[in-house]
Amino acid sequence: MKRRFLNARSPLRLLEKGLHGGLGAGNLGVVLAGHGVGKTSFLVGVAVDELLREGRVLHVSCSHPVTHVRAHYDTVFDELAHSKNLENEGLIHGEIDRQRSVRVYPPNSLTPAKLRDAVKVERESGGAPSLLVIEGLELAHLTRADLEDLRSLAEELEAEIWLESTSDAEREVTLPAPVKEVEDLLSVILALEPGDDTVRLRALKDHDNPDLSDLHVALDPRTLLLVRD
């Protein structure tokens, strides 16, 4: 399969349709799930899709070392490439590696100021990221001012910023307090909910749309790929 067809047929296009255009530049999104359910795999899946569309990604981790993050990207890309018989697999793998940066911070040490410093380095070394994914930074450890600063950064960069939040519930009925308190600053909130064979994605907030659509996208825990549901 050619790269452009892979992009066009990606389950992420379904996600964008279900979210009335997706997260969108300048916005913050959060994926919510329990420990080990697949938040990182979701973030990596979104990032690989952006890289395959020739975007630039800054992956920030407060929970895993650089080698672990890179290995996760390699696993997802290899599974995707093999399952779709991607043409020029090695060439494309090299290209997207060059479009992605990984930065690691100790738990609960990342601040918006440090993130701005990282973005500045990215701008000076190759270009501003079009997507930032931040794992291991719990919303409960951020102030409202921190979230406002992150949203301002997304707007300045005209980039999407995805964060994760850990939940104690297998299926969210109401938003957890740390998410509810800053809901107005978040454009999209998704939940990952374990099923029999896959982990389904469910929209808890879709911009200002009152009617939440079925997303028809899930995470396959065996391959770590986002799939049609």
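The values are calculated or read from the model by the stated rules, or taken from the named source; none is laboratory data. Note that the coordinates shown come from a computational prediction; the quantities given were computed from them, not determined experimentally. Every residue, glycine among them, receives a Cβ derived from its backbone with ideal geometry; neighbour counts consider all protein chains shown. With ligands, DNA and RNA removed, areas are computed over all heavy atoms of the protein, side chains included. Shrake-Rupley method; radii C 1.70, N 1.55, O 1.52, S 1.80 Å.
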Mind jotting down the distance between the C-alpha centroids of the stretch 186-229 and the stretch 75-151, whole Å?
-> 21
Beyond 28 Å, what percent of the Cα pairs of the stretch 1-147 remain?
-> 18
Net +/- balance of residues flanking residue 34 in space, Cβ distance below 12 Å, scoring K and R +1, D and E -1 | -3
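Evaluate the Kirkwood expression for the hydrodynamic radius of the stretch 4-68, namely the inverse of the mean inverse distance over all pairs of different C-alpha atoms, and round to one decimal in Å.
With all distinct Cα pairs of the stretch 4-68 included, I get 13.4 Å.
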Measure off, as a whole percent, the carbon and sulfur share of the 1.4 Å-probe accessible area of the stretch 1-145, all protein chains present.
-> 51
For the stretch 32-162, what is the relative contact order in percent, using Cα pairs closer than 8 Å and at least 6 residues apart in sequence?
-> 34
Given 0.36 nm per residue, what is the gain on full extension from residue 156 to residue 120 after removing their alpha carbon distance, in nm?
-> 11.8 nm
How many Å³ per residue does the convex hull of the Cα positions in the stretch 100-194 occupy?
-> 111
Taking GluC sites (Glu not before Pro) that fall in a DSSP loop and have at most 16 other Cβ atoms within 10 Å as cut points, what is the longest piece of the chain between them?
-> 1-53
Between residue 173 and residue 208, how many nm apart are label points set 7 Å from Cα along the C-beta direction?
-> 3.1
What number, in nm² with one decimal, is the all-direction average of the projected area of the convex hull of the alpha-carbon atoms of the stretch 102-157?
-> 3.8
Per-residue ellipticity at 222 nm attributable to helices in the chain (runs of n ≥ 4 DSSP H, -39500 (n - 2.57) apiece, nearest 500 deg cm²/dmol) works out to -11500 deg cm²/dmol
